[in-house]
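Below is the structure I would like to discuss, written out as structure tokens.
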Amino acid sequence: MMEDQLPQQRADEYVSLGMSRRELLRQTLLVVVGGTLLETAFSGCSVANNHTHPSSSLAYPLVFPTGFLWGASTSAYQIEGAAHADGRGASIWDTFSHTPGKTVDGATGDVADDHYHRYESDFNLLHALGVKSYRFSIAWPRIFPDGAGALNQPGLDFYRRLVESLLQRGIRPMATLFHWDLPQALQDQGGWENRDVAKRFADYADTLFQALGDLVPAWLTVNEPKTIVTQGYISGTHAPGIQNPARAYVALHHLLLGHGLATQAFRARFGRDGSRLIGPALNLSPVYPADHAEGTAAAVTLQDGIENRLYLDPIFKGSYPTDVVEALGDTWPSAAVIQDGDLAIIHTPIDHLGVNYYNPLVVTAGPQFVNGVYPTTQASWEQIYPNGLYDILMRLTRDYDRVNLYITENGAPYPDTFASQTVDDPQRIVYLHDHLVAAYRAIQAGAQLRGYHLWSLLDNFEWAEGYSQRWGIVYVDFATQQRYPKQSAHWYSEVIRQHGLAQPQG
Ligand code: IFM
């Protein structure tokens with residue numbers, strides 16, 4: 001549970017569906033999407049918003065510590081395009097996006113930002129903005145088109161050129177090994193439900209450690225396993241489009257096992273001298289009580305387990321949270337899946353933790369979610385609460401090993417309008433500013449936060465939302481592939497130049 005004030009809420013706005021605790025848990029698990037609840041149960045809540053501006057008592061300018069890395073984040077399938085170039089195999093997202101009805105307007109990543117052919121000019125832009133760290137992901141199907149077996153050398157060469165191009169510009173590469181684009185050939189063998197895929201992931205990872213380890217200092221294993229569990233396997237709104245909680249938790253275990261095996265391979269190759277670093281990127285959400293009602297505190301604790309401890313505890317403590325396992329009952333994998341020794345592998349020490357922060361959750365007894373407490377962005381699941389970032393960072397600092405923390409994603413989509421060769425996006429600037437204030441406050445309070453990567457550098461393929469949501473600080477005209485830095489890009493560039501935040505105007 002996070003320390004914070006209770007959101008203001010009238011008692012008559014709560015919803016009780018009158019189900020058993022177990023049924024409710026299953027229901028809530030079914031509607032969780034990307035760590036956030038759909039609005040079905042709570043639409044219409046008009047809750048008073050207690051969002052306070054956290055910067056009011058701070059003395060500007062807020063100068064970040066020396067060495068703090070200013071970054072930007074992307075992922076392969078969302079920007080690369082070139083779906084068939086140089087021997088790339090198909091991924092589950094090629095299959096899913098080409099399946100009618102799965103994405104807005106039938107959008108696919110076939111072309112996306114055509115970054116595969118434009119990375120040099122994109123990195124010129126990155127360099128011009130002054131960005132110091134670039135988080136990207138490597139497409140497994142470019143390296144092993146069939147997931148395993150024959151290596152595709154042109155795919156590997158592409159990423160070597162890409163990394164060299166970053167280094168030539170003085171930008172630190174941070175490579176994510178898996179950002180959801182599983183080779184379709186492995187899905188055909190059961191995907192993450194197949195234990196063997198965790199081993200294939202470690203083989204793929206080690207191929208990259210060998211090929212790029214001399215150039216890439218910072219690595220992330222798996223991105224947002226929670227989103228894969230909730231959207232890939234429970235709601236089915238993401239690839240591979242499965243709707244089965246029991247299968248979801250088998251996939252979760254194998255994702256974490258893959259993370260652990262890859263981390264072991266990394267250690268075997270590089271040791272732990274601090275020159276090369278590895279860890280996962282987890283999307284974490286603080287969970288707050290909606291009220292003081294009986295049962296709310298327990299609901300918060302359980303939801304916190306589902307959102308956060310289910311991913312953090314096995315990695316940091318070598319165990320799954322017993323309250324969540326108990327609540328999931330038969331939905332939780334058997335001992336045939338979670339084998340002796342697995343948790344020790346998953347518990348292999350990491351060097352850093354990537355934190356993707358987008359939203360808090362507010363719950364009441366039931367458990368049930370309460371929406372409408374905070375304003376949202378164009379993504380209806382994204383409740384804006386910058387203090388939640390502070391709370392997450394402090395909670396990690398308090399409850400888990402003191403590894404270096406990097407914000408590996410944080411950002412917002414707004415209906416950006418292109419005019420006069422640029423895009424005025426004041427809401428995004430406020431969003432970024434307020435989250436950076438929260439990050440600053442956490443550093444002041446002792447969090448080992450070493451860098452911030454906004455999501456995202458470019459407008460891109462937003463998964464099931466296709467191109468209907470623009471998350472970039474750089475506007476992309478998808479018809480011409482022209483890039484136009486938005487006002488937020490200029491603002492961020494100035495933040496980087498000043499190594500912190502100037503007093504907001506107005
Ligand atoms: O675009 C995604 C990204 O791929 C993973 N984290 C959340 C982002 C916004 O939805």
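When residues of the stretch 383-416 are filtered for being over 18 Å from the mean Cα position of the chain (by Cα) and within 16 Å of the ligand (Cβ to nearest atom), how many remain?
The number of residues fulfilling the criteria is 3.
Next up: Inside the stretch 396-499, counting only strands (runs of 3 or more DSSP E) that do not spill past its ends, which hold 1 or more residues that are in contact (Cβ under 8 Å) with a residue 60 or more places away in the chain and open to solvent by 10 Å² or more (accessible area, probe 1.4 Å)?
Where strands (runs of 3 or more DSSP E) fall fully within the stretch 396-499 and carry at least 1 residues being in contact (Cβ under 8 Å) with a residue 60 or more places away in the chain and open to solvent by 10 Å² or more (accessible area, probe 1.4 Å), they are 404-409, 449-455, 482-485.
Still on this structure: Can you say whether ASP113 is open to solvent by less than 10 Å² (accessible area, probe 1.4 Å), among the charged types (D, E, K, R) and not in a loop (DSSP other than H, G, I, E, B), as far as the supplied structure shows?
On the way: open to solvent by less than 10 Å² (accessible area, probe 1.4 Å): yes; among the charged types (D, E, K, R): yes; not in a loop (DSSP other than H, G, I, E, B): no.
For ASP113, the condition - open to solvent by less than 10 Å² (accessible area, probe 1.4 Å), among the charged types (D, E, K, R) and not in a loop (DSSP other than H, G, I, E, B) - is not met.
Residues checked against (1) over 30 Å from GLU462 (Cα atoms); (2) open to solvent by less than 20 Å² (accessible area, probe 1.4 Å):
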| position | (1), (2) |
| --- | --- |
| PHE316 | yes, yes |
| ASP323 | yes, no |
| ASP340 | yes, no |
| PRO367 | no, yes |
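Still on this model: Is the stretch 258-269 home to any residue that is open to solvent by 10 Å² or more (accessible area, probe 1.4 Å) and either of a type in the set (Val, Ile, Thr) or not in a helix (DSSP H, G or I) (or both)?
The answer is no, given that none of the residues of the stretch 258-269 is open to solvent by 10 Å² or more (accessible area, probe 1.4 Å) and either of a type in the set (Val, Ile, Thr) or not in a helix (DSSP H, G or I) (or both).
In addition: Regarding the stretch 300-316, can at least one residue be identified that is among the small types (Gly, Ala, Ser), under 19 Å from TYR406 (Cα atoms) and under 18 Å from the mean Cα position of the chain (by Cα)? Break it down into steps so the answer makes sense when it comes.
So the first thing to find is which residues in the stretch 300-316 are among the small types (Gly, Ala, Ser), and the list is 305.
Of the ones still in play, those that are also under 19 Å from TYR406 (Cα atoms) are none.
No, because not a single residue in the stretch 300-316 is among the small types (Gly, Ala, Ser), under 19 Å from TYR406 (Cα atoms) and under 18 Å from the mean Cα position of the chain (by Cα).
Also, quick follow-up: Can you find even one residue in the stretch 84-91 that is out of contact with any Gly (no Cβ under 8 Å at 6 or more places or on another chain), within 16 Å of the ligand (Cβ to nearest atom) and in contact (Cβ under 8 Å) with a residue 12 or more places away in the chain?
For the stretch 84-91, residues out of contact with any Gly (no Cβ under 8 Å at 6 or more places or on another chain), within 16 Å of the ligand (Cβ to nearest atom) and in contact (Cβ under 8 Å) with a residue 12 or more places away in the chain: present.
Still on this structure, please answer the following. Cβ contacts < 8 Å: first residue among the β-branched types (Val, Ile, Thr), restricted to the stretch 161-182; second residue within 16 Å of the ligand (Cβ to nearest atom) and assigned to a loop (DSSP other than H, G, I, E, B), any location; separation 6+ or different chain. Result?
THR176/SER75; THR176/ILE138
Let me confirm something: among GLY258, GLY190, which residue is of a type in the set (Gly, Ala, Ser), touching a residue at least 12 places away in the same chain (Cβ under 8 Å) and away from the ligand (no atom under 16 Å from the Cβ)?
On inspection, the qualifying residue turns out to be GLY258.
One line per residue, one yes/no per condition, for (1) touching a Phe, Trp or Tyr at 6+ places or on another chain (Cβ under 9 Å); (2) part of a loop (DSSP other than H, G, I, E, B); (3) away from the ligand (no atom under 16 Å from the Cβ):
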| position | (1), (2), (3) |
| --- | --- |
| ALA336 | no, yes, yes |
| GLN339 | no, yes, yes |
| ALA344 | no, no, yes |
| PRO349 | no, yes, yes |
| GLY354 | yes, no, no |
| VAL363 | yes, no, yes |
| VAL373 | yes, yes, yes |
| GLN378 | yes, yes, no |
| TRP381 | yes, yes, no |
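Then there's this: Answer with yes or no whether TYR288 is buried (at least 21 other Cβ atoms within 10 Å of the Cβ) and either more than 16 Å from the ligand (Cβ to nearest atom) or assigned to a loop (DSSP other than H, G, I, E, B) (or both). Spell out the reasoning first.
Numbers: buried (at least 21 other Cβ atoms within 10 Å of the Cβ): yes; either more than 16 Å from the ligand (Cβ to nearest atom) or assigned to a loop (DSSP other than H, G, I, E, B) (or both): yes.
So TYR288 fits the description; yes.
Let me ask another. Could we say that ARG172 is more than 14 Å from the ligand (Cβ to nearest atom) and over 25 Å from PRO349 (Cβ atoms) here?
Working: more than 14 Å from the ligand (Cβ to nearest atom): yes; over 25 Å from PRO349 (Cβ atoms): no.
So ARG172 does not fit the description; no.
Something else: Which residue out of ARG395, ARG402 is basic (Lys, Arg) and modelled with pLDDT of 95 or more?
None of the others qualify; the one that does is ARG395.
State whether one or more residues within the stretch 462-480 are within 15 Å of the ligand (Cβ to nearest atom), of a type outside the set (A, V, I, L, M, F, W, C) and on the phi > 0 side of the Ramachandran plot.
Yes.
The values are calculated or read from the model by the stated rules, or taken from the named source; none is laboratory data. Given the structure is predicted, the values throughout are model-derived calculations rather than measurements. Backbone-built Cβ (ideal geometry, glycine too); neighbour counts: all protein chains shown. Keep in mind that these areas ignore ligands, DNA and RNA; they rest on the heavy atoms of the full protein, side chains included. Shrake-Rupley method; radii C 1.70, N 1.55, O 1.52, S 1.80 Å.
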